[in-house]
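Colleague: Have a look at this one.
Derivation of every value follows stated rules applied to the coordinates shown; laboratory data play no part. Worth saying up front: this structure is predicted, and the values here are computed from it rather than measured. With ideal geometry, Cβ positions are generated from the backbone for all residues, glycine too; neighbour counts draw on all protein chains shown.
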């Protein structure tokens, strides 16, 4: 009898353990939610977690401390529309062909929508797997349905002011309610979600709340700088509202939060405009951005100050997290293994700078101004529209690129130019 009782107890515990494992496996098989937080016109060091002495970003500081922070993150181009299109497709601008913000005069804007409608965008791929996908904030590509979203804010009608977001640009500046209503819907339907939160912040117009402006007016003698700094904190406050929602409704554990900025912005002290070597430039002030990945269920937190990552890596990373195979080979890499502590074999990233207006939708090279490459600590900038010489910088020792070392290291210049040619082959400059 005792033997039978012992056997029953052992079997009961074994069954309980098996059920527990099955339960865990079922829980682990639940697809993650995905939240993309995309800043708009903010330099890579203009966060308190990146060392800025005055700008307060407590909510993004919290996100950075809870996830994996890549301080050496980059976007391939320093202009919003092509940069955002890369985040949507995982392709470089010369591949998705949206190289600038607008077509040249005389070309209908609708021509540029051919690309977004024909490409397998991130929301389109996730919606096919049962995700509800919401667009808010900056959005150049017509109606939200054109990008594959299931829900959204931007109508994209140029006759009603549609160019780069219209109704979507209200998010953040006029509250977060549309986002919260969408997330409520997802919770009610028990559906995984993809949220594109790309508020028009801290982008101009720099019209922050009075209490924030008053705070920063005491910390600089430039009203333009004070307004911009205040906008950075206003953006952070809206991110805090979103992160608090995830915490309050117990969604944070299985939500992959991705943070990136579309391009940099160095505020001019005497004008309401960006300074040189920031937006639209091939320099760090325009291209570099912190990239944060937080997914508590799958990996912990750390600060990575060595690994080179790019926004071309975000689509393959998100698809891998959601168990979706890319429909084509993408140039980026899945960063999830790196987030778990593995090293990244790739040591080189690439990018390109184009005219603001797209000279030729069919021929990206016609709009090309620069190509650039970073390998380890070295960055090469190669002009393509002029015969100016290439520039070489050691961006770890010289992150603001004050000392051009091309003349001292001609062999390294040649090596990096060869790498650029292998990445995107082009005919020699005339």
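Colleague: For the chain, what is the calculated [θ] at 222 nm in deg cm²/dmol (nearest 500), taking -39500 (n - 2.57) for each run of four or more DSSP H residues and dividing by its residue count?
Modeller: Roughly -9500 deg cm²/dmol at 222 nm, from the helical runs in the chain.
Colleague: Now for a separate question. Looking at the chain, send over the antiparallel percent of its DSSP beta bridges, to the nearest 5. Intermediate values should be presented prior to the final figure.
Modeller: On the way: 27 of 53 bridges.
Antiparallel bridges: around 50 percent, rounded to the nearest 5.
Colleague: Of the beta bridges DSSP finds with both residues in region 65-209, what % are antiparallel, to the nearest 5? Don't skip to the answer; put the middle values down first.
Modeller: Numbers: 1 of 9 bridges.
Roughly 10 percent of the beta bridges in region 65-209 run antiparallel, per DSSP.
Colleague: How much length is gained if the chain between residue 174 and residue 417 is pulled fully straight, taking 0.36 nm per residue apart and subtracting their Cα-Cα distance, in nm to one decimal? Mind dumping the intermediate values first?
Modeller: Details: separation 243, 0.36 × 243 = 87.48 nm, distance 4.67 nm.
So the chain would gain 82.8 nm between residue 174 and residue 417.
Colleague: Shape verdict for region 30-342, please, from the Cα gyration tensor: rounded (a/c under 1.5), prolate (a/b greater than b/c) or oblate. Each step should come with its number before you reach the end.
Modeller: On the way: a/c = 1.34, a/b = 1.14, b/c = 1.18.
Judged from the Cα gyration tensor, region 30-342 comes out rounded (a/c under 1.5).
Colleague: If you line up the long axis of helix 2-28 against the longest principal axis of the chain, both from Cα atoms, how many degrees apart are they, to the nearest 10?
Modeller: Orientation of helix 2-28: about 20 degrees from the principal axis.
Colleague: Could you work out how much longer the chain between residue 128 and residue 346 gets when fully extended? Use 0.36 nm per residue separation minus the Cα distance between them, nm to one decimal.
Modeller: 75.4 nm
Colleague: What is the calculated FRET efficiency for residue 118 to residue 157, with r their C-beta to C-beta distance and R₀ = 30 Å, to the nearest 0.05?
Modeller: Using R0 = 30 Å, I get an efficiency of 0.90.
Colleague: Next question. Between residue 221 and residue 111, with labels modelled 7 Å along Cα→Cβ, what's the label distance in nm to one decimal, could you check?
Modeller: The two pseudo-label positions are separated by 5.0 nm.
Colleague: Let me ask something additional. Would you mind pulling out the separation of the Cα centroids of region 299-364 and region 27-90, in Å?
Modeller: If you average the Cα positions of each part, the centres end up 13 Å apart.
Colleague: Hey, what angle do you get for helix 80-89 against the long axis of the chain, alpha-carbon based, 0 to 90 degrees rounded to 10?
Modeller: Between helix and principal axis, roughly 40 degrees.
Colleague: Please sort 227-234, 52-59 by packing, taking for each peptide the average over its residues of neighbouring beta carbons within 10 angstrom, highest first.
Modeller: Per-residue mean Cβ counts within 10 Å order the peptides as 227-234, 52-59.
Colleague: Hey, another quick one. Compute the relative contact order of region 333-398 as a whole-number percentage, counting only Cα pairs closer than 8 Å that sit 6 or more residues apart in sequence.
Modeller: Value for region 333-398: 22 percent.
Colleague: Sticking with the crude label model, points 7 Å out along Cα→Cβ, report the distance from residue 320 to residue 388 in nm, one decimal please.
Modeller: Between residue 320 and residue 388, the simple spin-label model gives 3.6 nm.
Colleague: Taking a ≥ b ≥ c as the square roots of the Cα gyration tensor eigenvalues, with a/c under 1.5 meaning rounded and otherwise prolate when a/b beats b/c, else oblate, which class fits region 315-354?
Modeller: Oblate, since a/c reaches 1.5 and b/c is not below a/b.
Colleague: Here's a follow-up. Quick one: if you stick a label point 7 Å off each Cα along the C-beta vector at residue 357 and residue 426, how many nm between them?
Modeller: 2.1 nm
Colleague: Also, I was wondering about something else. Is the shape of region 354-423 rounded, prolate or oblate, going by the alpha carbon gyration tensor and its root eigenvalues a ≥ b ≥ c, with a/c under 1.5 for rounded and a/b larger than b/c for prolate? The partial results should precede the final answer.
Modeller: Working: a/c = 2.22, a/b = 1.88, b/c = 1.18.
Prolate, because a/c is 1.5 or more and a/b exceeds b/c.
Colleague: Can you tell me the relative contact order of the chain? Whole percent, Cα pairs under 8 Å, sequence separation 6 or more.
Modeller: On the way: 878 pairs, mean separation 98.1, N = 430.
Reported as a whole number, the value is 23 percent.
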